[in-house]
Amino acid sequence: MTGAAWALFLLPPQLVAWDGQDAPTWALSAESLPVYGLVRELDGAGGLELYAWAGVLLVPAWLLIGWPLLGYGRLPGLVGVLFLLGAPVSVTSYLAEGAPDPWHSLWGAEIFVLLAIPLAAIPAAISARSRHFPPWWWTLLACTLLVAVTSTAAFGYFPHGTLIGLGVEVAALALLPTAPRPRRWRLATS
């Protein structure tokens, strides 16, 4: 849930950086709050505009959302790995926005990760069903595409808006009491 909250926190300055005064009213109001002062001060730091910083700062959201899935077996874990992969891809994408060609062609590359996640979630859900996970668990995992599309549409921006919904979904998979317990990572002993 922390990953979703972080993506939500970063969404208003990102929407304002992207849309300017055409950003939604709620984003304009939120972005003017003092809590965003530090984010606004990043504009120009290291030669990056605020738009790029709001994308680079999204890294913890990708990592926090993907990490809980790693212990649920091979295929659900693959979905988690895709989230982890989203972190460097997202950074590369945002840094490529103002870069010259051919690097500029990497701008928006996180869309491929955001498409791969729901596609990988379908076989992961089938695997979880065959491993006797609770029906709600594998059903929710199978609905990842619906969650991603709905969240992106509701918040009007990807990857931030998409990660809000996916973060809530993963939090439900990991935190609800009927969720299967993830395997604990142990060192092999002789």
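The values are calculated or read from the model by the stated rules, or taken from the named source; none is laboratory data. Remember, it's a predicted structure, so these values are computed and weren't measured experimentally. In this analysis, Cβ positions are derived from the backbone assuming ideal geometry, glycine residues included, and neighbour counts consider all displayed protein chains. Heavy atoms of the whole protein, side chains included, go into the accessibility calculation; ligands, DNA and RNA do not. Shrake-Rupley method; radii C 1.70, N 1.55, O 1.52, S 1.80 Å.
Going from most exposed to least, what order do THR92, THR2, THR162 have by accessible area with a 1.4 Å probe? Intermediate values should be presented prior to the final figure.
Numbers: THR92 65, THR2 95, THR162 5 Å².
Largest to smallest exposure gives the sequence THR2, THR92, THR162.
Our summary gives the chain a relative contact order of 23 percent, counting only alpha carbon pairs under 8 angstrom and 6 or more residues apart.
Between LEU119, LEU64, LEU141, the Gaussian network model of the chain with springs among Cα atoms under 10 angstrom shows the greatest mean-square fluctuation at LEU119. Ordering VAL39, VAL168, VAL91 by accessible surface, largest first, gives VAL168, VAL91, VAL39; the 1.4 Å probe counts only protein heavy atoms, with every chain in place.
Of the accessible area of region 1-175, with the probe set at 1.4 angstrom, what percent is carbon plus sulfur? After summing per-atom areas, the C and S share lands at 72 percent. Summing +1 for each Lys or Arg and -1 for each Asp or Glu, what net charge is found among the other residues whose Cβ lies under 12 Å from the Cβ of ALA124? So the surrounding residues net to +3. Compared with the dominant principal axis of the Cα atoms in the chain, helix 2-19 is inclined by about 30°. Size descriptors for the chain, from the alpha-carbon set: Rg then Dmax equal 17.7, 63 Å. Summing charges over neighbours of PHE83, with a neighbour being any other residue whose Cβ is under 13 Å away from its Cβ, gives -2 when K and R count +1 and D and E count -1.
When the chain is modelled as a GNM with alpha-carbon springs shorter than 10 Å, which of GLY167, GLY156, GLY86 fluctuates the most? Fluctuation is largest for GLY156. Considering only LEU28, LEU176, LEU166, the Gaussian network model of the chain with Cα springs below 10 Å gives its largest mean-square fluctuation to LEU176. Ordered from largest to smallest accessible area (heavy atoms of protein chains, 1.4 Å probe), the residues ASP101, ASP19, ASP43 come out as ASP101, ASP43, ASP19. Axis angle, to the nearest 10 degrees, between helix 74-96 and the longest C-alpha principal axis of the chain: 10 degrees.
Treating each Cα of region 1-72 as one equal point scatterer and applying the Debye formula with no solvent, the log10 of I(q)/I(0) at q = 0.12 Å⁻¹ comes out as -0.35. Against the chain, whose longest principal axis comes from its Cα atoms, helix 160-175 is set at around 30 degrees.
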